[in-house]
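**Student:** The structure under discussion is supplied below as structure tokens; questions concerning it will follow.
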Amino acid sequence: MLTSLESLLALSVIVSLSAFMAAPYIRKYIAGGVCKSTVKLNGKVVVITGANTGIGKETAKDLARRGARIILACRDMAKGEAAACEIQASTGNQQVIVKKLDLADTKSIREFGENFLKEEKELHILINNAGVMLCPYSKTVDGFEMQLGVNHLGHFLLTFLLLERLKKSAPARIVNVSSLAHHCGKIRFHDLQSEKSYNRAMAYCQSKLANILFTRELAKRLQGTSVTVNALHPGSVRTELVRHIPVINILWQKIIFFLKTPKEGAQTSVHCAVAEELESVSGKYFSDCQPAYVSPQGRNDETAKQLWRVSCELLGIKWD
């Protein structure tokens, strides 16, 4: 008969062997959906915010391989230039350039928009990818709570400034990178800037819900223009977004096997940007390259309209 120790060792071997054999299947499941479109983008112009690292860089790399002219809109120009060189070398596409864009500063956003309109005659795809997550309480240059200011208001203003160029280049697409976290979000109109109380997780969820509501309202306003807008959840990805909380960052490293790589996380962004079957689809939310469920608060038209009005007031713009 086997001793207790021998039985334990035998069980351990069986469990380890089972885990080893199952690993490829687990990894494939975690990787999620893959964009299957082979469409080429020669002659198309693409703007991607936060494209110097992570999901944004992998999205840029994919679209560059398809032949598009890629504009990396980045806050850190040094990192942006390094990313552009890497993308050029790996894809052979030399039409990958970097432009300064700080989404935490409306002056920088307006300068980016002004320069873009002077230099580029067309814009076919705008991917609002950049974001901050779970950062300590801080404000943008204009006094907005950082997560709401960068994740929502910055992209709101950028889209406003580039929209006419998108319309003139139609068919065109806008892609907003949101998150599954929108399910936990609530738009706190009574304390939108979290000045009365601040919870970094709730502020992040609010900003991601704002992405969903912005997408919903903008889609209605774009009907008949041949410009579409969709939002997406990229999945749990190995990126630098959790750098503001060391404990979570350490945990992230422990469970890295169960996280998507940046390339895997970029698949839904690419899908929304190029998939032929989405040419006339607008106002939707995707995950793993498939339509996904939107929370009830993300489907509230009155909240979407109110957020639109408030966003315009905060940014000092008229967007009818």
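The values are calculated or read from the model by the stated rules, or taken from the named source; none is laboratory data. Treat the numbers as computed from the prediction; the structure is a model and nothing was measured. Please note: Cβ atoms are built from the backbone with ideal geometry, for glycine as well, and neighbour counts cover all protein chains shown.
**Student:** Between a first residue in the stretch 158-186 that is closer than 20 Å to C74 by Cα and at pLDDT 95 or above and a second residue that is among the basic types (K, R) and surrounded by 19 or more Cβ atoms within 10 Å (Cβ to Cβ), which pairs have beta carbons less than 6 Å apart while being 6 or more apart in sequence or on different chains?
**Tutor:** Hits for this filter: S178/K208.
**Student:** Within the stretch 90-141, work out how many residues are without any contact (Cβ under 8 Å) to a residue 60 or more places away in the chain, part of a loop (DSSP other than H, G, I, E, B) and not polar (S, T, N, Q).
**Tutor:** 8
**Student:** Sticking with this one: Please go through the stretch 184-207 and give me each residue that is hydroxyl-bearing (S, T, Y) and either within 19 Å of G131 (Cα to Cα) or part of a helix (DSSP H, G or I) (or both), ordered by number.
**Tutor:** S194, Y198, Y204, S207
**Student:** Quick check on my filter: what residues within the stretch 280-294 are touching a helix residue (DSSP H, G or I) at 6+ places or on another chain (Cβ under 7 Å) and either in a strand (DSSP E or B) or farther than 23 Å from S226 by Cα (or both)?
**Tutor:** Initially, the stretch 280-294 is screened for residues touching a helix residue (DSSP H, G or I) at 6+ places or on another chain (Cβ under 7 Å), giving 282-283, 285-289, 294.
Selection gives Y285, F286, S287, D288, V294.
**Student:** Going by the conditions given, is R110 within 17 Å of the chain's Cα centre (by Cα), at pLDDT 95 or above, basic (K, R) and farther than 17 Å from K44 by Cα?
**Tutor:** No; evaluated as a whole, the condition is false for this residue.
**Student:** Does the stretch 86-93 contain any residue that is within 25 Å of Y198 (Cβ to Cβ) and modelled with pLDDT of 95 or more?
**Tutor:** Within the stretch 86-93, the subset within 25 Å of Y198 (Cβ to Cβ) is none.
No - not one qualifying residue is present in the stretch 86-93.
**Student:** For A181, work out the one condition from (1) within 18 Å of P296 (Cβ to Cβ); (2) in a loop (DSSP other than H, G, I, E, B) it doesn't fulfil.
**Tutor:** The failed condition is (2).
**Student:** Let me ask another. Among the numbered conditions (1) among the β-branched types (V, I, T); (2) over 17 Å from F286 (Cα atoms); (3) out of contact with any Phe, Trp or Tyr (no Cβ under 9 Å at 6 or more places or on another chain), tell me where T159 comes up short.
**Tutor:** T159 satisfies all of (1) among the β-branched types (V, I, T); (2) over 17 Å from F286 (Cα atoms); (3) out of contact with any Phe, Trp or Tyr (no Cβ under 9 Å at 6 or more places or on another chain) except (3).
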